[in-house]
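**Student:** The structure's right below; bear with me while I get my questions together.
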Amino acid sequence: MNSPEPADAGISIIGAGPGGLTCARILQQRGIAVTVYDRDPGPDSRDQGGTLDLHADNGQVALREAGLLDEFFALARPEGQEMRQIDPTGTITAHQVPAADELFKPEIDRGQLRNLLLDSVQPGTVRWGHSLDVISGPADGPRRLHFADGTSIETDLVIGADGAFSRVRPAVSPAVPEYTGVSFLEAWFFDVENGHAEIAELVGSGSAHAADGERGLFAQRNSGDHIRVYIIQRVPVDWISAGGLTAEDTDGIRAVLCDEYAHWSPRMRQMITENDGPYIHRPILALPVPHTWDHNATVTLLGDAAHLMPPLGVGVNLAMLDASELALALANAATVDDAIRTYEKTMLPRSTETAKALEHGAEHLLSADVPGFGGDNDAQP
Ligand SMILES: Cc1cc2nc3c(=O)[nH]c(=O)nc-3n(C[C@H](O)[C@H](O)[C@H](O)COP(=O)(O)OP(=O)(O)OC[C@H]3O[C@@H](n4cnc5c(N)ncnc54)[C@H](O)[C@@H]3O)c2cc1C
């Protein structure tokens, strides 16, 4: 089958995360029709996660292409670029305060970013409640998307923006994410200035990292008087069930953490044990490096689906840059096939290079000396 012109092609994006929505927005702005399918029942069906820093050389580049940079800066928190390194006693050992005009990587709540992108696409673009199960059809198309509810649709191009456990990925690659040996437990603190004043003071306006070589934490100020702490441990992936616990057993997990962090000061232990509500278990996974695939004119991947890496401050930025470059390639190419070749020629080497640099990066979060602290090579979730 001849590859269609992008403007005449049926284009389906799987996943309404930051990557998928950025791609849809830029395509629509350039007059190319697209439909986004997401497994969530609706836009507000789950918490969207913590804060993200969008970098001037990738995430912000994508937002500029999407015509959303001014709206981003209206929501963003430049003061969130403040960064503290704290030792287990609670002493600040390194401290960076951004200059008043520093805008290289301001923070934005993930929910705010998602709403910004969602409001920017045409009404009806996202079909909620569509969980992709499998893709069928020949490599030269057309492809058929089969959803978990038994429905299916035919499409000329499938863009897999469906994150770590992508159901699009198997159409181009057998790779699956592997456990890095490091797990996060996410802990939430609300109304921090009143309810958790010491934690608010320790964390400041941005992020604070502490570690002793074996365990650590990363605390981040979000908007709305809210702080999220990622408790970082080198543990087997099944450490909760192996300890006879469940993820919902907050008291049981807290008791384990009290033992594990017993030698940390009471002030620091507050960030581990005085959270509001349950812990959220987030084992850190990554795709094998390098992750590439043979060109295929009807299926491609972007963001975490293409190059899941440890969370060291680049994932959403790369996802949005991929999305922008793919959409622009489709807007400028004669055929879908040409566009995918152009996109992958840049994206695959770039993501390989970054993934190699971050391959053992999850371990760095357990080190008291976080590589990149104070430098351009960001090393933070
Ligand atoms: C704890 C933590 C902290 C992080 N902090 C940062 C940070 O500070 N900075 C940064 O740059 N990155 C950070 N990251 C990484 C970042 O979250 C990801 O890289 C980014 O979200 C990837 O975007 P995406 O659009 O590719 O995928 P996702 O954001 O994962 O979106 C995927 C979308 O696809 C949908 N979906 C999934 N499966 C299906 C299916 N089968 N059918 C239909 N829809 C489906 C999902 O519902 C979702 O909406 C962090 C990650 C973690 C775990």
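**Student:** Roughly how many debye, to the nearest 20, is the charge dipole of the range 149-214 about its Cα centre, given +1 on each Lys and Arg Cβ, -1 on each Asp and Glu Cβ, and no other charges?
**Tutor:** Values: 2 positive and 12 negative charges, 74 e Å.
Once rounded to the nearest 20, the dipole reads 360 debye.
**Student:** Accessible surface of Asp53 in the full protein assembly, 1.4 angstrom probe, to the nearest 10 Å²?
**Tutor:** That residue has around 10 Å² of solvent-accessible surface.
**Student:** How far is helix 110-120 tilted off the main Cα axis of the chain, in degrees rounded to 10, range 0 to 90?
**Tutor:** Compared with the principal axis, the helix lies near 30 degrees.
**Student:** For the chain, build the charge dipole from Cβ charges (+1 Lys, Arg; -1 Asp, Glu) around the Cα centre, then report which of Gly224, Ala16, Ile280 sits farthest towards its positive end.
**Tutor:** Ala16
**Student:** If you don't mind, there's one more thing I want to ask. Take the alpha carbon atoms of the range 121-245, find their radius of gyration, then divide it by 2.2 N^0.38 Å using N residues; give the quotient.
**Tutor:** On the way: Rg = 21.3 Å, N = 125, 2.2 N^0.38 = 13.8 Å.
Dividing the Cα Rg of the range 121-245 by 2.2 N^0.38 Å gives 1.55.
**Student:** So between Ala197 and Ala334, what do we pick up on full extension, going 0.36 nm a residue minus the alpha carbon distance? Could the numbers behind the result be given before it?
**Tutor:** Values: separation 137, 0.36 × 137 = 49.32 nm, distance 5.84 nm.
So the extension gain works out to 43.5 nm.
**Student:** Something else: Which Cα, out of Ser131, Gln96, Gln81, lies furthest along the positive dipole direction of the chain (beta carbon charges, K/R +1, D/E -1)?
**Tutor:** Ser131
**Student:** Whole angstrom only: what separates the Cα centroid of the range 148-201 from the Cα centroid of the range 24-59?
**Tutor:** 13
**Student:** A further question on this structure: Would you tell me the accessible area of Glu325, worked out with a 1.4 angstrom probe on the heavy atoms of the protein chains, in Å² to the nearest 10?
**Tutor:** My reading of the accessible area for Glu325 is about 50 Å².
**Student:** Angle check, please: helix 315-332 long axis (alpha carbons) against the longest principal axis of the chain (alpha carbons), in degrees 0 to 90, nearest 10.
**Tutor:** Long axis of 315-332 versus the principal axis of the chain: about 20 degrees.
**Student:** For the chain, what does -39500 (n - 2.57) per DSSP helix run (n ≥ 4), summed and divided by total residues, give at 222 nm, in deg cm²/dmol to the nearest 500?
**Tutor:** Values: 13 runs with 119 residues, N = 381.
After summing the helix terms and dividing by residue count, I get -9000 deg cm²/dmol.
**Student:** Gain in length, Ile280 to Ser241, computed as 0.36 nm per residue apart minus the alpha-carbon separation, to one decimal in nm? Could the numbers behind the result be given before it?
**Tutor:** Details: separation 39, 0.36 × 39 = 14.04 nm, distance 1.40 nm.
In short, 12.6 nm is gained.
**Student:** May I ask you to work out the translational diffusion coefficient for the range 27-180 at 10 °C, viscosity 1.306 mPa s, via Stokes-Einstein with Rh from the Kirkwood sum over Cα pairs, reported in whole µm²/s?
**Tutor:** Numbers: Rh = 18.7 Å.
Stokes-Einstein gives a translational diffusion coefficient of 85 µm²/s.
**Student:** Then there is this: Helix 336-357 versus the longest principal axis of the chain: what angle, 0 to 90°, nearest 10, using Cα atoms?
**Tutor:** Relative to the chain, helix 336-357 is tipped by roughly 20 degrees.
**Student:** Can you give the local net charge around Leu245? Use residues other than it whose beta-carbon is closer than 11 angstrom to its beta-carbon, Lys and Arg +1, Asp and Glu -1.
**Tutor:** Working: positive: Arg254; negative: Asp238, Glu248, Asp249, Asp251.
Local net charge: -3.
**Student:** Would you kindly calculate the translational diffusion coefficient of the chain, applying Stokes-Einstein with the Kirkwood radius from alpha carbon pairs, for 25 °C and a viscosity of 0.890 mPa s, and quote it in µm² s⁻¹ without decimals? Mind dumping the intermediate values first?
**Tutor:** Working: Rh = 21.6 Å.
It diffuses with D of about 114 µm²/s by this estimate.
**Student:** Tell me the net charge near Gly160. Cut-off is 14 Å between Cβ atoms, Gly160 excluded, with +1 for each Lys or Arg and -1 for each Asp or Glu.
**Tutor:** Summing Lys and Arg as +1 and Asp and Glu as -1 gives -2.
**Student:** Sticking with this one: Can you give the FRET efficiency to the nearest 0.05 for Gln96 and Ser136, using r as the Cβ-Cβ distance and R₀ = 51 Å? If you can, show how the numbers build up before the last one.
**Tutor:** On the way: r = 51 Å, r/R0 = 1.00.
Once the sixth-power term is evaluated, E becomes 0.50.
**Student:** Just to confirm a number: summing +1 for Lys and Arg and -1 for Asp and Glu over residues other than Arg144 whose beta-carbon lies under 12 angstrom from that of Arg144, what do you get? Each step should come with its number before you reach the end.
**Tutor:** On the way: positive: Arg143; negative: Asp133, Glu154, Asp156.
Around Arg144, the surrounding residues sum to -2.
**Student:** Follow-up. Can you give me the relative contact order of the range 87-222 as a percent, contacts being Cα pairs under 8 Å and 6 or more apart? If you can, show how the numbers build up before the last one.
**Tutor:** Values: 105 pairs, mean separation 22.0, N = 136.
Dividing the mean separation by the residue count of the range 87-222 yields 16 percent.
**Student:** Continuing with the same structure: Summarise the accessible area of the chain (1.4 Å probe, protein heavy atoms) by the percent that is carbon and sulfur. Display every interim value, and only then the final one.
**Tutor:** On the way: 7790 of 15510 Å².
Roughly 50 percent of what the probe reaches on the chain is carbon or sulfur.
The values are calculated or read from the model by the stated rules, or taken from the named source; none is laboratory data. Quick caveat: nothing in here was measured; it's all calculated off a predicted structure. Quick reminder, even Gly has a Cβ in these numbers, built from the backbone with ideal geometry, and neighbours come from all protein chains shown. For accessibility, only protein heavy atoms count, side chains too; no ligands or nucleic acids. Shrake-Rupley method; radii C 1.70, N 1.55, O 1.52, S 1.80 Å.
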